[in-house]
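Just so it is clear, none of the values below were taken in a lab; they were calculated from the coordinates. For clarity, every value in this text was computed on a predicted model and none was experimentally measured. Every residue, glycine as well, gets a Cβ built from its backbone with ideal geometry; the counts of neighbours run over all protein chains shown.
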Amino acid sequence: MRFLPTRVHGIIDYLWGLALLSTPWLFGFADVAAAKWTAVAFGLGAILYSAVTAYELGLFKLLPMPLHLILDGLAGLVLAASPFLFGFADRVYWPHVLFGLFSVAASLTTDLEPILPTGRREPA
């Protein structure tokens, strides 16, 4: 069931990316290189592909919203698995798992079509 408007998803995208970028220092795992750089890479990646998404908060509007949501879902799965894939689960895993699962949930509940300034939906 898709109930999250793309405008709200866009706000969440930028906040999620910034929040994930800050987790190594907020949660004290900046000394765990793999964990830190995974959070930084996924946070920056989300901000960058949000900036090129064709939705209300996209700056360049190149990436179709359905593709953005596929990237969110796949990146979320990899982020959630990253502590176990990259071997830092013994030091930290909750931020990566929770941010990853949140991304998957957002990808499954966001509308596929942005709303145009006219109030109509943009075709996917």
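The residue pairs whose first member lies in the range 66-92 and is surrounded by fewer than 20 Cβ atoms within 10 Å (Cβ to Cβ), whose second member is hydroxyl-bearing (Ser, Thr, Tyr) and assigned to a loop (DSSP other than H, G, I, E, B), and whose beta carbons are closer than 8 Å, counting only pairs six or more residues apart or on different chains, are PHE84/TYR93.
Taken across the range 95-102, residues that are touching a helix residue (DSSP H, G or I) at 6+ places or on another chain (Cβ under 8 Å) and either more than 23 Å from ILE11 (Cα to Cα) or hydroxyl-bearing (Ser, Thr, Tyr) (or both) do not occur at all. Taking the range 16-72 only, how many residues are aromatic (Phe, Trp, Tyr), part of a helix (DSSP H, G or I) and over 20 Å from ALA106 (Cβ atoms)? Total meeting the criteria: 2. Return yes when LYS61 is surrounded by 13 or more Cβ atoms within 10 Å (Cβ to Cβ) and at positive phi and no when it is not. Criteria met by LYS61. The residues of the range 23-50 that are surrounded by fewer than 16 Cβ atoms within 10 Å (Cβ to Cβ), touching a helix residue (DSSP H, G or I) at 6+ places or on another chain (Cβ under 8 Å) and either over 27 Å from PRO66 (Cα atoms) or among the aromatic types (Phe, Trp, Tyr) (or both), listed by number, are PHE27, ALA30. Listed by first and then second residue, the pairs with beta-carbon distance under 8 Å, at least 6 apart or on different chains, first residue in the range 102-117 and more than 16 Å from LEU74 (Cβ to Cβ), second hydroxyl-bearing (Ser, Thr, Tyr), are ASP111/THR6; GLU113/THR6; PRO114/THR6; PRO114/TYR55; ILE115/THR6.
Every listed requirement among (1) of a type outside the set (Ser, Thr, Tyr); (2) more than 16 Å from LEU15 (Cβ to Cβ); (3) part of a loop (DSSP other than H, G, I, E, B) is met by PRO83 save one, (3).
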